[in-house]
Amino acid sequence: MPDSSNTFDEAYAAVADVDGWMTEGQARHLWDGARGLGAGATVVEIGSYRGRSAIVLASAAPEGVDVVAIDPHAGNDRGPQQIEAEPDEGQNDHEIFVANLVAAGVDERIRHVRKPAADALGDVDGQVELLYIDGAHRYGPARDDIRDWGARVADDGMMLIHDSFSSIGVTLALLRLLFGSSRFRYLGRSSSMAIYRREPLDPSDRLANAGRQALELPWFVRNVIMKVLILAGLGRFTRYLGHSQGTWPY
């Protein structure tokens, strides 16, 4: 069982100064998902950057749960508009990632696979009880992560996807793979983190499932407009869309 003295508030405080894109509400979903697992379960995170979400997952996971963080730290897909590889920046991210895990006391709880997600499928055995996807947000990689790693999610397992209904590439991948899915029920979202549970869906369930996700599309359009404004140097106008900070929406 987890150490009862290890609380969500403590874990979230431990990542207060760790760079990344994860709200407190999103962190709470990761915590709850990992906390409820039993020994022998596997957690896989795709896209770790500097360890913000990995620390929360490892802090929550009970003893005997395998926590795998997959990130090549190649200096590409590091954040908004960062697509091209910058090896020096990637190595710097890796060193900071390791230092952050050590500082949080979870370095021995996490197995880091320093590979692209598409190349790391053979590094994880068996099924995955909790899958968190926050890798490259372009359509192709997002589609592949959802399709290939989603196939590894156990029955009743959870799949959480960051930048859903926010990133164009991720949202297109959701439309392609999950709106009509017979395997994943949409449970809702925390900001841009979409939450799915693997379970069989009959035709009527699939129709309702697609409808629930379609209801998120106006929010997606709002986020795209905000990103256009920010990239155009007009971030101050995002307040008219209920986003007062003018920061990248996630």
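The values are calculated or read from the model by the stated rules, or taken from the named source; none is laboratory data. In this text the structure is predicted, and so the values were computed from the model without any measurement. Neighbour counts run over all protein chains shown; Cβ positions are idealised from the backbone, glycine included.
In the stretch 91-130, how many are among the hydrophobic types (A, V, I, L, M, F, W, C), surrounded by fewer than 18 Cβ atoms within 10 Å (Cβ to Cβ) and more than 30 Å from Thr7 (Cβ to Cβ)? Total meeting the criteria: 2. Applying the criterion of being polar (S, T, N, Q) and out of contact with any helix residue (DSSP H, G or I) (no Cβ under 6 Å at 6 or more places or on another chain) to the residues of the stretch 155-181, the residue that is nearest to Met22 (Cα to Cα) is Ser167.
Entry remark, the stretch 182-205: residues being in contact (Cβ under 8 Å) with a residue 40 or more places away in the chain and small (Gly, Ala, Ser) number 3 in total.
Do we have Glu129 as closer than 18 Å to Met193 by Cβ, out of contact with any Cys (no Cβ under 7 Å at 6 or more places or on another chain), in contact (Cβ under 8 Å) with a residue 60 or more places away in the chain and of a type in the set (D, E, K, R) here? Break it down into steps so the answer makes sense when it comes.
Details: closer than 18 Å to Met193 by Cβ: yes; out of contact with any Cys (no Cβ under 7 Å at 6 or more places or on another chain): yes; in contact (Cβ under 8 Å) with a residue 60 or more places away in the chain: yes; of a type in the set (D, E, K, R): yes.
Yes, satisfied.
Please work out which residue is farthest from the chain's Cα centre (by Cα), limiting yourself to the stretch 191-246 and to residues that are of a type in the set (Ser, Thr, Tyr) and assigned by TED's automatic domain parsing to the domain that holds Tyr132. Please lay out each step first, then the result.
Quick first cut of the stretch 191-246, residues of a type in the set (Ser, Thr, Tyr) only: 191-192, 196, 204, 238, 240, 244.
Narrowing further to those that are assigned by TED's automatic domain parsing to the domain that holds Tyr132: 191-192, 196, 204.
Working: Ser191: 12, Ser192: 9, Tyr196: 12, Ser204: 28 Å.
Step by step, filter the stretch 191-246, then rank; the result is Ser204.
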